[in-house]
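Heads up, the thing below is written out as structure tokens.
Read-outs: derived from the displayed coordinates by stated rules, not from any lab. What you see is a predicted model, and the numbers here were worked out from it, not measured in a lab. Cβ placement follows ideal geometry from the backbone for every residue including glycine, while neighbour counts extend to all protein chains displayed.
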Amino acid sequence: MPMIRLMVMRMGGSSEDAKDVFQEGLMIILEKIDSNEFSLTCKFMTFFYCVCENLWKAIVAKKHAASNYVNNMIYENNYPENDIVAEHIDNKVYVKIIRDVFNSLDPVSKKVLKMYWQEKPHKKIAEELGYSYGYIRRKKCEAQAEMAEKVKRSLKIIDDKLK
């Protein structure tokens, strides 16, 4: 765990992020071991570190992509900086799309995301909802991915209508 924590924290993560990556890495390795095709050709710790490093890099890339996506959504329309009214209307459209997409999610996904957005740790969410820690992490990722895809589709539809 100390090696994983150090790696995650050096790459901009927190101690909580490191715990999540550590646990997810263990789950991946267990899944690999269950498959009959798995063969360890290096030290276990080397393999585990690589799995966790790749996991963390994927998480960072997703966060970066999500941040870029939101920034692009906001600035893509090239409104003049002094056009406050157009920006206000644009923001209202984005908020409505995101609210509609959120409301289209299944109830468990909505609960998980609400609690996550309230900055509750995954462990606490799992305890409160009565699910396993791994299930909550997976459900959160799936819900975020579903939301991103639906928002992207909605924006494309609007953009196509405007052309």
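If each residue's Cβ is checked for other Cβ atoms within 10 Å, how do 46, 41 rank with the fewest at the top?
Result, fewest neighbours first: 41, 46.
How large is ³J(HN,Hα) for each residue in the stretch 99-104, as worked out from phi by the Karplus curve 6.51 cos²θ - 1.76 cosθ + 1.60 (θ = phi - 60°), to whole Hz, x for Gly and Pro?
4, 5, 5, 4, 5, 7
Return 147, 1 ranked ascending by Cβ neighbour count within 10 Å, so the fewest neighbours appear first.
Lowest to highest Cβ neighbour count: 1, 147.
Could you tell me which chymotrypsin sites (Phe, Trp or Tyr not before Pro) in the stretch 1-61 are loop residues by DSSP with no more than 14 other beta carbons within 10 angstrom of their beta carbon?
Passing both the DSSP loop test and the Cβ count: 38.
Looking at this model, which pairs from 57/120; 62/150; 57/110; 62/96; 123/152; 62/92 are more than 21 angstrom apart at the alpha-carbon?
Those over the limit are 57/120; 57/110; 62/96; 123/152; 62/92.
Using the count of nearby Cβ atoms within 10 Å as a rough guide to exposure, how do 35, 154, 132 rank from fewest to most?
So the residues, fewest neighbours to most, are 35, 132, 154.
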